[in-house]
Amino acid sequence: MCKKKNKVRQARVLYLYSIQEGKCYYCGCHCSLLTHDQHEGKKPPDNMATLEHLYDHWDLRRPFMDQLPDRVKFAMACYKCNQQRGIDRFKKLELQHRIRVFDIKQFLYAQSEK
Ligand SMILES: [Zn+2]
């Protein structure tokens, strides 16, 4: 990930950490404010604070939500919940849904090129 994007992500995590009083959005555990860099490629601790996209990659609304404030689009979740949610969500999705998301992204990309 590029440094600028990483900085934006860190700033968002810090902001959400403060409004959620350091607690994971899902399980309520107390999160630790470490970054991926601080683990030198090793698996991060379960309670590491991460940026959770409430409207994930597979949500049909996500491409249209750019204008909404961060506190609506994101939450802070512990690493464990974030990973688990991603796995659960992917397992539940129908192939047709994944294709539809791909089609929307292609469409929006084509529009932006015009
Ligand atoms: Zn959690």
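The values are calculated or read from the model by the stated rules, or taken from the named source; none is laboratory data. What you see is a predicted model, and the numbers here were worked out from it, not measured in a lab. Cβ: placed from backbone, ideal geometry, glycine included. Neighbour counts: every protein chain shown.
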Residues of region 71-89 being at pLDDT 85 or above and either in contact with a helix residue (DSSP H, G or I) (Cβ under 7 Å, 6 or more places away or on another chain) or more than 13 Å from the ligand (Cβ to nearest atom) (or both), in sequence order, are V72, K73, F74, A75, M76
Taking region 29-70, which residues are over 12 Å from the mean Cα position of the chain (by Cα) and within 16 Å of the ligand (Cβ to nearest atom)? C29, H30, C31, S32, L33, L34, K43, P44, P45, D46, N47, M48
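Can you pull out every residue in region 3-28 that is within 15 Å of the ligand (Cβ to nearest atom) and not in a loop (DSSP other than H, G, I, E, B)?
V13, L16, Y17, K23
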Working only within region 61-113, note down all residues that are free of Cβ contacts under 8 Å to residues at least 24 places away in the same chain and aromatic (F, W, Y). F64, F102, F107, Y109
Within region 77-114, how many residues turn out to be outside any helix (DSSP H, G or I) and not charged (D, E, K, R)? 3
Looking only at region 29-69, which residues are surrounded by 14 or more Cβ atoms within 10 Å (Cβ to Cβ) and part of a helix (DSSP H, G or I)? H36, R62, P63
Enumeration of residues in region 75-109 that are within 18 Å of the chain's Cα centre (by Cα) and of a type in the set (A, V, I, L, M): A75, M76, A77, I87, L93, V101
